[in-house]
Amino acid sequence: MINVLSYTCIIVGIVFWFWGTSHLLGNRSVLFKLHSLSVSDTLGSITIVVGVLLKRPNEWPLLILGIICLAIWNTMLGYVLAYCSSSSSEVEHE
């Protein structure tokens, strides 16, 4: 049962990765594309790490640390990219 749940989490994580990447092909703004990509990559990566955690429960401290780092890093990176994108567009208008 744990193997099925683990592989399900890994497959769902990979689906999140591809779902976020598919938004890059749309006609939306760059900020929308970056937001959807960063959110889906974060959720996909965390879901994959949870699937690995189910397979290797003895490694839980490192995997929990990995989940926390993924959440913090990807959130901060999204804010930095949005700030850089908005400040560069403001410079062009001046």
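The values are calculated or read from the model by the stated rules, or taken from the named source; none is laboratory data. All values derive from a computational prediction rather than experimental measurement. No Cβ is skipped: glycine too gets one built from the backbone with ideal geometry, and neighbour counts run over all protein chains shown.
One residue stands out among those in the stretch 64-81 that are of a type in the set (A, V, I, L, M, F, W, C) and touching a helix residue (DSSP H, G or I) at 6+ places or on another chain (Cβ under 8 Å): the one that is farthest from Gly13 (Cα to Cα), which is Leu81. Taken over the stretch 16-44, the residue count meeting the criterion of being farther than 20 Å from Met76 by Cα and surrounded by 14 or more Cβ atoms within 10 Å (Cβ to Cβ) is 2. Contact annotation: residue pairs with Cβ atoms under 8 Å, 6 or more positions apart or on different chains, pairing a residue in the stretch 43-59 that is over 19 Å from Trp19 (Cα atoms) with a partner that is polar (S, T, N, Q), are Val52/Ser6; Leu54/Ser6; Lys55/Asn3; Lys55/Ser6. For the stretch 70-84, filtering for residues that are at pLDDT below 75 and either under 13 Å from the mean Cα position of the chain (by Cα) or of a type in the set (S, T, N, Q) (or both) leaves 1.
Within the stretch 22-50, track down each residue that is more than 21 Å from Tyr83 (Cα to Cα) and outside any loop (DSSP other than H, G, I, E, B). Within the stretch 22-50, Ser22, Leu25, Leu43, Gly44, Ser45, Ile46, Thr47, Ile48, Val49, Val50 meet the criteria. Evaluate the stretch 51-65: report whether one residue or more is assigned to a helix (DSSP H, G or I), modelled with pLDDT of 85 or more and either among the β-branched types (Val, Ile, Thr) or within 13 Å of the chain's Cα centre (by Cα) (or both). Yes, the stretch 51-65 contains a residue that is assigned to a helix (DSSP H, G or I), modelled with pLDDT of 85 or more and either among the β-branched types (Val, Ile, Thr) or within 13 Å of the chain's Cα centre (by Cα) (or both).
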